[in-house]
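To keep things clear, I will list the structure first and then write my remarks on it.
Coordinate-derived values only; no laboratory data. None of these values were measured; they are calculated from a predicted model. Ideal geometry is used to build each Cβ from the backbone, glycine not excepted, and the neighbour counts take in all protein chains shown.
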Amino acid sequence: MQDIPENLVQRIKEAFLQGNYILSSHAFDRMTERRFDSFDIRAGVLQGEAIEIREIELETIVLFNGFSTKNKPIHVSVAERLKAGKKHLVVTVYEPTLDQWQSGFRMRRGGAA
C-alpha cells in the first residue's frame with residue numbers, strides 16, 4: 001500500500017466535516033446510479049481509510065475505502081484543490097468488487113495502483 005501523508009488525509013477529512021467539498025457531475029451520476037447518498041459519501045471519507053494517492057496536474061487525489069451508512073463497501077475518490085477558495089472535489093464514488101479488489105478492498109488485484 002502507498003505511503004499517504006497523514007496531514008493530507010486530515011485536511012480532507014476536516015474539509016468534509018466543514019462541508020467544504022463539492023461533487024463532480026460524474027460523482028453525482030455515479031451516486032444516483034449506485035444508490036449512494038451524501039451521507040454515504042461523508043461516512044466513506046470520515047470513517048474510511050486512505051488507500052491510494054495520485055497526482056494529476058495540480059491536484060492530489062486520494063481514494064478512501066470505507067462503508068456507507070447502509071454498511072455497504074464504498075470507495076470515494078477526492079481531489080484536494082489547493083487554489084484559494086476552491087472546495088475539495090469528489091471525483092467518483094463506487095462499491096468496490098472482488099473481481100477488481102482483494103478481500104477488504106484495500107488493494108487492487110494484480111497490485112497495480
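See the values below:
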{"item": "Calculated FRET efficiency for the pair Gln102/Lys70, C-beta based, R₀ 25 Å, to 0.05", "result": "0.65"}
{"item": "Candidates His75, His88, His26, ranked by Gaussian network fluctuation over the chain, Cα under 10 Å, top entry", "result": "His26"}
{"item": "Formal net charge of residues neighbouring Ile61 (Cβ-Cβ distance under 13 Å; K, R +1; D, E -1)", "result": "-3"}
{"item": "Dipole in debye (nearest 20) - the chain, about Cα centre, beta carbon charges: Lys, Arg +1; Asp, Glu -1", "result": "200 debye"}
{"item": "Stokes-Einstein D for the chain, Kirkwood Rh over Cα pairs, 4 °C, 1.567 mPa s (µm²/s)", "result": "92 µm²/s"}
{"item": "Cleavage-rule hits, GluC sites (Glu not before Pro), segment 1-110, DSSP coil, Cβ neighbours within 10 Å at most 14", "result": "Glu57"}
